[in-house]
Amino acid sequence: MGRGRLPRATFGMSDAVAIRLTVNGARVERLVAPRLNLVDFLRDELGLTGTHWSCEHGACGACTVLIDGALARGCLVFAIQLDGANVETIEGLTESGALAEVQAAFHARNAVQCGFCSAGMLLAADALLRRNPEPSREQIRAALSGNYCRCTGYHAIVDAVADAARERARRKP
Amino acid sequence: MKAPPFRYARPQTLDAALRLLADEGAGARLIAGGQSLVPALNMRLLEPTLLIDINGLAELTGIAETASGIRVGALTRHAALGASAIVARRTPLLAAAVPFIAHEAIRNRGTFGGSLAQADPAAELPACAVALGARLEIAGPGGRRRVAAHDFFRGVYETALGRDEILVAAEIPAQPGATLFLELARRQGDYAIAGLAGWAALDRSRITDARLVFFGTDIRAVEARAASAALATSLDAAATALDRDLAPVADLNASAAMKRHLARVLLRRACAAAVTHAA
Ligand SMILES: Cc1cc2nc3c(=O)[nH]c(=O)nc-3n(C[C@H](O)[C@H](O)[C@H](O)COP(=O)(O)OP(=O)(O)OC[C@H]3O[C@@H](n4cnc5c(N)ncnc54)[C@H](O)[C@@H]3O)c2cc1C
Ligand code: FES
Ligand code: FES
């Protein structure tokens, strides 16, 4: 959501509009056309190719990112709307260690095959564990229902998220 | 696919947004959460000339307790609606419905006003608005007007909103009875094949008054008046009377006959559960 720092004008179809935002902790400033969505901005402008896209209509979850700390579909927001926002992607969250237990559990449980869905799955799993540290298997399935995986059949992913929850609980004093 | 090109504006006041809408005419589109609009843009079902981003309009935000119930700003995100203590206390039906809307990522951005304006016949919030007797506050070039939710929804994606108008808020009376909410969908987060939103006032284990609104069955959320009235007689009578209330239309999920059947199942389950709970 914008912070209203853009001048109060209307921007033309091919106008390149300057936006400033934080991506994975770094300040970035770029010129964007109004129709450029966040995933294409991340991949093509910033070279952050960990965030994927496929359906581009909100169904598959491959494009999942955090906007101001909240899970969001990168394909359903335009970069121009994110002036002043704080965006985090799989790259930044991996580097900070925020996803470490979840990633280790996905690895151990073989919950990654082609890997196309993995970034979105990891972010959605982490968002679940942050709000509900001890989810049931049903709650895990519900929380991941917006993320499609065409390889694993989901069982290994649910196992991995359950393991990650236990591991986080163990590490907490 | 990618969205077609458009011009973009982010007004900071409701008046400025209304002026932009009026000046642009038919090519203008408001964007709130974008969770229905952007899919439509990406599929090239719409090609607006100007996208007016209303996320900066403070007049459209906030949930407040009022003397008679609550007031919900159009920009209230689904997630905020579901997490609000005021909503849980005054209109628990809305709180019960939120987890059934899409997925967390979509609930974080999608808005209450956007859902009502979109008027998907299988959406949860329009049905709740009708069931709770919400009054919708609409701003236009000529000022403000109020429309009852019952008169707001006209058909599939059709509402009483004019092209030059903006939904500002909903005034919702406090819920007068126990929550009735059930929905059948193939997967968690999908739009409903059939759903029931309503409330029931009970005197010990007898339903004395109820409002039953079905969604996902007809071309819009429908209030089942005959069935509600027949509840005083028996659950069987209500299930039979439901035939007079509904005019189900088939979709990709189910035939009209199946939707009619499912609506009856939901009616029985919801009312039986309310009675058991009260006993
Ligand atoms: C994969 C997926 C699954 C979904 N599942 C469900 C579901 O199960 N149930 C459900 O109810 N919804 C579902 N949705 C839709 C979601 O709830 C949307 O958030 C909602 O329908 C629209 O709200 P929005 O704020 O995103 O509106 P937008 O997409 O921004 O706008 C939708 C329409 O409303 C208009 N509009 C928006 N705000 C206003 C306003 N204040 N005044 C006048 N017009 C306005 C816009 O111009 C546009 O025409 C789903 C979406 C996706 C992508
Ligand atoms: S690419 Fe965004 S949900 Fe599929
Ligand atoms: S691992 Fe291939 S899509 Fe999930």
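Provide the per residue accessible area, probe 1.4 Å, for the protein assembly as shown, rounded to a whole number of square angstrom.
Working: 18950 Å² over 452 residues.
With the other protein chains kept in place, the protein assembly as shown gives 42 Å² per residue.
Label sites at A:CYS55 and B:GLU158, each approximated as a point 7 angstrom past Cα along Cα to Cβ, lie 2.8 nm apart. For the range B:152-189 and the range B:68-102, what is the separation of their C-alpha centers, rounded to whole Å? If we compute the Cα centre of each part, the gap is 12 Å.
Over all directions, the projected convex hull of the C-alpha atoms in chain B averages 14.4 nm² in area.
In the range B:58-173, carbon and sulfur make up what percent of the accessible area (probe 1.4 Å)? Carbon-and-sulfur percentage of accessible area, whole number: 52. So how strong a dipole does the protein assembly as shown carry about its Cα centre when Lys and Arg Cβ are +1 and Asp and Glu Cβ are -1, to the nearest 20 debye? Its charge dipole is roughly 600 debye.
Here r is the Cβ-Cβ distance between B:LEU235 and B:HIS150 and R0 is 25 Å; the resulting FRET efficiency, rounded to 0.05, is 0.50. When chains A and B come together, the accessible area they lose, probed at 1.4 Å and totalled over both chains, is close to 3100 Å².
If only the Cβ of Lys and Arg carry +1 and only the Cβ of Asp and Glu carry -1, the dipole of chain A around its Cα centre is close to 380 debye.
Among B:PHE215, B:PHE112, B:PHE100, the largest mean-square fluctuation in a Gaussian network model of chain B, built with springs joining Cα atoms closer than 10 Å, belongs to B:PHE100. Interface residues of the range B:33-52, defined as those losing at least 20 Å² of solvent-accessible heavy-atom surface relative to the isolated chain (probe radius 1.4 Å), are listed as B:GLN35, B:VAL38, B:PRO39, B:ASN42, B:MET43.
Treating only the Cβ atoms of Lys and Arg (+1) and Asp and Glu (-1) as charged, compute the dipole magnitude of the range A:11-111 about its Cα centre; round to the nearest 20 debye.
Values: 7 positive and 12 negative charges, 25 e Å.
For the range A:11-111, the charge dipole is close to 120 debye.
Computed over chain B, the per-residue total of -39500 (n - 2.57) for DSSP H runs of n ≥ 4 gives a 222 nm mean residue ellipticity of -9500 deg cm²/dmol, rounded to 500.
Between the range A:142-160 and the range B:1-32, the alpha-carbon centres lie 38 Å apart. Panel note: contact residues of the range B:7-21 (accessible area lowered by at least 30 Å² against the chain on its own; 1.4 Å probe) correspond to B:ARG7, B:TYR8, B:ARG10, B:GLN12. Need one word for the protein assembly as shown: rounded, prolate or oblate. Basis is the Cα gyration tensor (sqrt eigenvalues a ≥ b ≥ c); a/c below 1.5 gives rounded, then a/b vs b/c decides. In terms of gyration-tensor shape, oblate. The apolar share of the surface of the range A:42-124, taken as the fraction of accessible area on carbon and sulfur atoms (1.4 Å probe, ligands and nucleic acids excluded), comes to 50 percent.
The values are calculated or read from the model by the stated rules, or taken from the named source; none is laboratory data. All of these numbers come straight from a predicted model, not from anything done at the bench. Every residue, glycine among them, receives a Cβ derived from its backbone with ideal geometry; neighbour counts consider all protein chains shown. In case anyone asks, the SASA skips ligands and DNA or RNA and just uses the protein heavy atoms, side chains included. Shrake-Rupley method; radii C 1.70, N 1.55, O 1.52, S 1.80 Å.
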